[in-house]
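First the structure, in the form of structure tokens, and then the observations on it.
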């Protein structure tokens, strides 16, 4: 068995698993953010309509006119913010990245199995390893940013409350039983 490539690919698999889980945590964070923005938008639109409704029945009171103008401007600024930053697009980018990383995870596991079963020779293992590395590099180059909170939540989801160590014991936990020896 090609132990060197096996260990390198096993380490890369651990990195892919952490990155995939980190993007899944980013999806959750951004989805919650999108939900809050949508509710805030609904509330602002409701306030605008309510104030305009009050203005219809109280045309002599200028306070309703000013309140209507104020909330309409706030709603317009909020809509500009939504169109400028588009958080729903970010959720989709994280989801696409997580899906592509899942495929890379499976490819790494398949290559580890092939190495263990000695399907390929040393040169073919190195070629396939390099191909996976290049594919993974493309995914990472196009991936949206995550933050430290996403990484911490991913770490807790994968390891309980332990910090990631990226050591042999931790990597073995990510492998199927037939590849753990």
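The values are calculated or read from the model by the stated rules, or taken from the named source; none is laboratory data. The structure presented is a predicted model; accordingly, all values stated were derived computationally and were not measured. Heads up, the Cβs are rebuilt from the backbone with ideal geometry, glycines too, and the neighbour counts pull from every protein chain shown.
Given the criteria touching a residue at least 24 places away in the same chain (Cβ under 8 Å), under 20 Å from the mean Cα position of the chain (by Cα) and either under 30 Å from residue 10 (Cα atoms) or assigned to a helix (DSSP H, G or I) (or both), does residue 93 qualify?
yes
Tell me, which residue of the range 17-60 that is out of contact with any helix residue (DSSP H, G or I) (no Cβ under 8 Å at 6 or more places or on another chain) and outside any helix (DSSP H, G or I) is nearest to residue 106 (Cα to Cα)?
Once the filter is applied, the top-ranked residue is 59.
Checking residue 131 against (1) closer than 30 Å to residue 33 by Cα; (2) at pLDDT 95 or above; (3) exposed (fewer than 13 other Cβ atoms within 10 Å of the Cβ), which test does it fail?
(1)
Within the range 111-126, work out how many residues are closer than 17 Å to residue 7 by Cβ, exposed (fewer than 14 other Cβ atoms within 10 Å of the Cβ) and without any contact (Cβ under 8 Å) to a residue 24 or more places away in the chain.
1
Restricting attention to the range 125-145, which residues are in contact with a helix residue (DSSP H, G or I) (Cβ under 8 Å, 6 or more places away or on another chain) and under 16 Å from residue 104 (Cβ atoms)? Give the derivation first.
Initially, the range 125-145 is screened for residues in contact with a helix residue (DSSP H, G or I) (Cβ under 8 Å, 6 or more places away or on another chain), giving 125-126, 128-129, 132-133, 135-136, 139-140, 142-144.
Correct list: 128, 129, 132, 133, 135, 136, 139, 140, 142, 143.
Could you please let me know if residue 8 is surrounded by fewer than 20 Cβ atoms within 10 Å (Cβ to Cβ), in contact (Cβ under 8 Å) with a residue 24 or more places away in the chain and part of a helix (DSSP H, G or I)? So that I can check it myself, show each step before the final result.
Values: surrounded by fewer than 20 Cβ atoms within 10 Å (Cβ to Cβ): yes; in contact (Cβ under 8 Å) with a residue 24 or more places away in the chain: yes; part of a helix (DSSP H, G or I): yes.
Yes, satisfied.
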